[in-house]
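Reading through the structure tokens given below for one structure.
The values are calculated or read from the model by the stated rules, or taken from the named source; none is laboratory data. Keep in mind that this is a model prediction, so the values were computed, not measured. Note that we place each Cβ from the backbone using ideal geometry, even for glycine, and neighbour counts take in every protein chain shown.
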Amino acid sequence: MAGGEARGGPAAGGDGAPGGRGEATGAPGRRGESAGGALDAGDEVRRTVLVAGASRGIGAAIALAFADAGPVRLVLAGRTERDLQSVAEAARERGAEAEVGVADLTDTAQARELARRAGSIDVLVVNAGVNQPEPFLDVTEETFDRLFALNVRAGFFLAQAAAPAMPRGGCIVFISSQMGHVGAVERAVYCATKHALEGLTKALALELAPRGVRAVTVGPTFVHTALTAHQLDDPEIGPRLRAQIPLDRYATPEEVAGAVVWIASPQAAMVTGSALLVDGGWTAR
Ligand SMILES: NC(=O)c1ccc[n+]([C@@H]2O[C@H](COP(=O)([O-])OP(=O)(O)OC[C@H]3O[C@@H](n4cnc5c(N)ncnc54)[C@H](OP(=O)(O)O)[C@@H]3O)[C@@H](O)[C@H]2O)c1
């Protein structure tokens, strides 16, 4: 893992194959226990948080929000090492341990190796996603497969690789969208992928509950990032989209990140199988 500064390293060995690592144990919030089982006064529990798609935009903001939220070992994944290193550096300046895992998550072997090297992951944030707005009648098989490959398949198998070594109290957060709850023109494939994530999350919430692991989604409205700039900066499309947000503005990456930090926290320990929308009221209609 490039630029690794984390202490402790992988907490579980194994071959990285799903089910190939032992299930970790421990009650939520008790991972700072000493060997004798007692928590020393003032002990702060360091969590390992893997952010998939951390090199820019919402994922970078999520990484930095976790850096601000308490002791953390961040594993920052994506394809572009230079960008990941600069997010890692910013996280270290905020007191976090941060390492970079360069991986194309659509390659399941790379995703599994990333999870294996990360070891026991307390919080997995599946943020990497892509969109290509276009009319339903123009969608090609290539576009359909490309969007499903990243938005659904990559996160599915990354979660499958990470789950066996997640401790009790662990949490998988899929970054979905308001489009995981409603339809929209020129978004047939994107809506289908995000609705798929919502269904996957409900199924995982049930199946992982006996392990004490939660699964949730966070669904933003429009956020100005590299993904959306071409639309939001368009003098016709941008205002039209913004006018559909009752609060009459885009969300910021930091507002999405704040929701992720909360939903992954012990304060949200009873929240699983749920969607937290950060949509300015878009889906309230
Ligand atoms: N922006 C919005 O308005 C909005 C609204 C609702 C939901 N969302 C969702 O929020 C998430 C983040 O969106 P964003 O706007 O921040 O997008 P973005 O700026 O394009 O960032 C996408 C991130 O995913 C990574 N990524 C892309 N392909 C990858 C791959 N094959 N393997 C590994 N990493 C990959 C990118 O890094 P590399 O290119 O370096 O790999 C980057 O870090 C997405 O799931 C999106 O659907 C966004």
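What to note about this one:
- Filter pass, residue 241 being of a type in the set (A, V, I, L, M) and in contact with a His (Cβ under 8 Å, 6 or more places away or on another chain): no
- Flag not set for residue 187, criterion: basic (Lys, Arg) and either under 19 Å from residue 52 (Cα atoms) or more than 14 Å from the ligand (Cβ to nearest atom) (or both).
Here is a yes/no grid of residues against (1) more than 25 Å from residue 262 (Cβ to Cβ); (2) without any contact (Cβ under 8 Å) to a residue 24 or more places away in the chain; (3) touching a Phe, Trp or Tyr at 6+ places or on another chain (Cβ under 8 Å):
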{"site": "98", "(1), (2), (3)": "no, no, no"}
{"site": "103", "(1), (2), (3)": "yes, no, no"}
{"site": "110", "(1), (2), (3)": "yes, yes, no"}
{"site": "113", "(1), (2), (3)": "yes, no, no"}
{"site": "132", "(1), (2), (3)": "yes, no, yes"}
{"site": "147", "(1), (2), (3)": "yes, no, yes"}
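- Scope region 244-260; condition of a type outside the set (Val, Ile, Thr) and within 11 Å of the ligand (Cβ to nearest atom); matching residues: 250, 251, 253, 257
- Residue match in region 161-179 (condition: under 16 Å from the mean Cα position of the chain (by Cα), more than 22 Å from residue 269 (Cβ to Cβ) and away from the ligand (no atom under 11 Å from the Cβ)): yes
- Within region 176-191, considering residues that are β-branched (Val, Ile, Thr) and either outside any loop (DSSP other than H, G, I, E, B) or in contact with a helix residue (DSSP H, G or I) (Cβ under 7 Å, 6 or more places away or on another chain) (or both), the one nearest to residue 154 (Cα to Cα): 189
- Test: residue in region 45-66 that is more than 8 Å from the ligand (Cβ to nearest atom) and modelled with pLDDT under 95: yes
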